[in-house]
Amino acid sequence: MRDRILDTLANEGILLEPSAADMVLTRDDPLNFVRSALSRMQQQPLVVTVDDLRPFVAAPVVRTVAPAMEEVRSGPPAPPPRDDGDVKILRDITGNSTCEGNIIDFARYFNDRFRKIKKILAGRRELVGCLPVSKATKFDRDVRMVAMVNEVRTTKNGHKLMEVEDEEGRCPVLILKDSPLANESIVPDEVVGIVGKTSTKGDLVVLNELIRPDLPLRKGMQPTDSWASVAFMSDVHVGSNTFLHKPWERMIHWLRTEGKDEVQYLLVPGDVVDGIGIFPGQEEELEIDDIFAQYESLAEHLKEIPDDIRIIVQPGNHDAVRPAEPQPTFPKEIFKLFDSSMTLVGNPCTVEIEGRRILFYHGRSLDDWIGSVQGLSYNNPLEAMKEMLKRRHMAPIYGGRTPLAPEKEDFLVIDEVPDIFVTGHVHGAGIGEYRGVKMICASTWQAQTPFQRMHNFNPDPAKLPITHLGTGETRMMDFA
Ligand code: FE
Ligand code: ZN
């Protein structure tokens, strides 16, 4: 029944996240529940989430603050940022979204991902002479191919069986339980190179080598003559009653005194306000319970930062923009609240500052990485960032906690290698390096919330990582 209901909805252009589908299927009349909920939403989401449906579950619905968020979310995004001087926006969905109407084309989206990553893999020696899946499995016992992973499961004999596909065909690939690859974490929808042999029966491929696109081996940032530094300040969460006023004041004081000549740029990778209705019971944890007032307060807080520091802000999952990634920048109503000197961009975004390429991504998908890859945890987000770089994709898993918008182009592929890769979201702080790419996890300005305590999660707040653009040296300031 599940499939039939979901197919019917899909035919009407209605797509549900798996958890939303679960919720819908518990209703007496799932189809009408979804249809009537959607008809009452101000704007139809691309992919319906549990959060979208929650207001329609209990009646009467208490709507004190929620409509404000809906209104804000439905507004048109601010104009795409312009390049100027030493800051160039190289890649940003803002103004480039093809997903605003009802055209939902997942095949096109996944094909773009496949082609982009295949291009990277094509340069690998191990994959020279690789063939499309349908041909590779027919013509030779030695198989080399590039494919996207559909699913991986464990067989009753303890082997792993994955199904892979490319634009033309699909095939099963077996990973034997005593193979060194048996413990490899392979996530759904990642694109990999496969080297193997067809089985004697010819019905499947036995995996010998798994090739990841990965980063080329290179040294870190080569020195330039830039004297500037950039600071990274994630997850400010203005509006939360756990916003850290005192450490914030210490940080501002430092920027106005000792740090005055040091920091020229400030990057803010999302969750700039706490938002409204983001998780159940959030209203108990808010200091400001109006979404506009939260952004107004943020604008005031950012005004305390010295004028000559160039500020670039992107949204995260708590912000009032569409939740599906890539997220275009803030709507006009919010844009208006800020100084015109500020640059608002989308999520993710690649900027070039004084010749350095910086990829910054709020990091919602860290939840999916940590939930899917063995050995990863919230205590070490840098390890999860490394997995993104190895797979050259920030959020491959479709249907997890990260909602993905099926844009014509996959903006979450890491096709160009950045000098610096920054995330936030997990409220941790860290500096690392992988194959010459500086990795930074940019802390938070929110103390542990009751929600986090309940989930046994300890943040590492009030840290400010700062990178010198000339030398690449990075240090962590602590205002806790
Ligand atoms: Fe956050
Ligand atoms: Zn977040």
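Let me make sure I get this right: for the chain, a, b and c are the square roots of the gyration tensor eigenvalues over alpha carbons, sorted descending. Under 1.5 in a/c it's rounded, otherwise prolate if a/b > b/c, else oblate. Which is it? Intermediate results must be reported in sequence, preceding the final value.
Numbers: a/c = 1.92, a/b = 1.25, b/c = 1.53.
Here the chain falls in the oblate category.
How big is the charge dipole of the stretch 125-211 about its Cα centre, in debye rounded to the nearest 20, if each Lys and Arg gets +1 on its Cβ and each Asp and Glu gets -1 on its Cβ?
On the way: 12 positive and 15 negative charges, 85 e Å.
Once rounded to the nearest 20, the dipole reads 400 debye.
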**Study point:** Cut-off under 5 Å, modelled amide H: who pairs with GLN327 long-range
**Key:** ASN347
Review point. In whole Å, what is the distance between the alpha-carbon centres of the stretch 251-323 and the stretch 412-434?
Key: 20 Å
**Study point:** Helix-only [θ]222 nm of the chain, DSSP H runs n ≥ 4, -39500 (n - 2.57) each, per residue, nearest 500
**Key:** -7000 deg cm²/dmol
Check your understanding: At what distance in angstrom do the alpha carbon centres of the stretch 343-383 and the stretch 139-192 lie from each other?
Key -> 27 Å
Review point. Can you work out the FRET efficiency for the pair ARG115 and LEU217, with r the C-beta to C-beta distance and R0 = 35 Å, to the nearest 0.05?
Key: 0.90
Exercise for review: Note down the nm distance, to one decimal, between modelled labels 7 Å out along Cα→Cβ at GLN374 and at THR154.
Suggested key: 0.9 nm
Study note, to complete from the structure: As straight-line cross-link partners of LYS156, the qualifying lysines (C-alpha separation under 20 Å, not fewer than 8 residues apart within one chain) are LYS177, LYS201
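In debye, nearest 20: dipole of the chain around its Cα centre with unit charges on the Cβ of K, R (+) and D, E (-)?
Working: 56 positive and 73 negative charges, 376 e Å.
The dipole of the chain has a size of about 1800 debye.
In a shell of Cβ-Cβ distance under 10 Å around THR154, excluding THR154 itself, what net charge do Lys and Arg (+1) and Asp and Glu (-1) give?
Counting the neighbours of THR154, the net charge comes to +4.
According to the square roots a ≥ b ≥ c of the eigenvalues of the Cα gyration tensor, what is the shape class of the stretch 229-478, taking rounded for a/c under 1.5, prolate for a/b larger than b/c otherwise, and oblate for the remainder?
Working: a/c = 1.31, a/b = 1.07, b/c = 1.23.
It is rounded, given that a/c, with a ≥ b ≥ c, falls under 1.5.
State to the nearest 20 debye the size of the charge dipole of the stretch 229-478 about its Cα centre, where the only charges are +1 on K and R beta carbons and -1 on D and E beta carbons. Could the numbers behind the result be given before it?
Values: 23 positive and 38 negative charges, 139 e Å.
Once rounded to the nearest 20, the dipole reads 660 debye.
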Check your understanding: If you take the beta carbon distance between ARG435 and ASP308 as r and set R0 to 35 Å, what does 1/(1 + (r/R0)^6) give as a FRET efficiency, to the nearest 0.05?
Key -> 0.55
Exercise for review: Select from PRO381, ILE440, GLY363 the residue farthest towards the positive end of the dipole of the stretch 334-441; place +1 on Cβ of Lys and Arg, -1 on Cβ of Asp and Glu, and compute about the Cα centre.
Suggested key: PRO381
Point to revise | Rounded if a/c under 1.5, otherwise prolate or oblate - the stretch 227-363, Cα gyration tensor axes | key: oblate
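Can you give the relative contact order of the chain as a percent, counting alpha carbon pairs under 8 Å and 6+ residues apart? Intermediate results must be reported in sequence, preceding the final value.
Working: 1026 pairs, mean separation 87.3, N = 480.
Reported relative contact order: 18 percent.
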Check your understanding: Helix 106-121 sits at what angle to the longest principal axis of the chain, using alpha carbons and giving 0 to 90 degrees rounded to 10?
Key -> 80 degrees
**Study point:** Helix axis angle, 245-256 relative to the chain longest principal axis, alpha carbon, degrees
**Key:** 80 degrees
Practice item. Can you spot the lysines whose alpha carbon is less than 17 Å from LYS390's alpha carbon? Ignore those fewer than 8 places along the same chain. Key: LYS116, LYS118, LYS119, LYS219, LYS438
Revision key, fill the gap. Residue by residue through the stretch 128-140, the couplings from Karplus 6.51 cos²θ - 1.76 cosθ + 1.60 with θ = phi - 60°, in Hz, x for Gly and Pro, are 4, x, 5, 10, x, 3, 5, 7, 4, 7, 8, 8, 8
Point to revise | Cα-based reach from LYS303 at 21 Å (exclusive), listing lysines while leaving out same-chain residues under 8 positions away | key: LYS246, LYS260, LYS332, LYS336, LYS463
Exercise for review: Any chance you could check the Cα centroid distance between the stretch 451-480 and the stretch 211-244 for me, in angstrom?
Suggested key: 11 Å
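Calculate the translational D of the stretch 125-211 in whole µm² s⁻¹ from Stokes-Einstein, where the hydrodynamic radius comes from the Kirkwood formula applied to all Cα pairs, the temperature is 20 °C and the viscosity 1.002 mPa s.
On the way: Rh = 12.7 Å.
For these conditions, the coefficient is 169 µm²/s.
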Check your understanding: How far is helix 30-40 tilted, in degrees, relative to the longest principal axis of the Cα atoms in the chain, given as a value from 0 to 90 rounded to the nearest 10?
Key -> 30 degrees
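Coordinate-derived values only; no laboratory data. Here the structure is a predicted model, which means the values were calculated and not measured. Every residue, glycine as well, gets a Cβ built from its backbone with ideal geometry; the counts of neighbours run over all protein chains shown.
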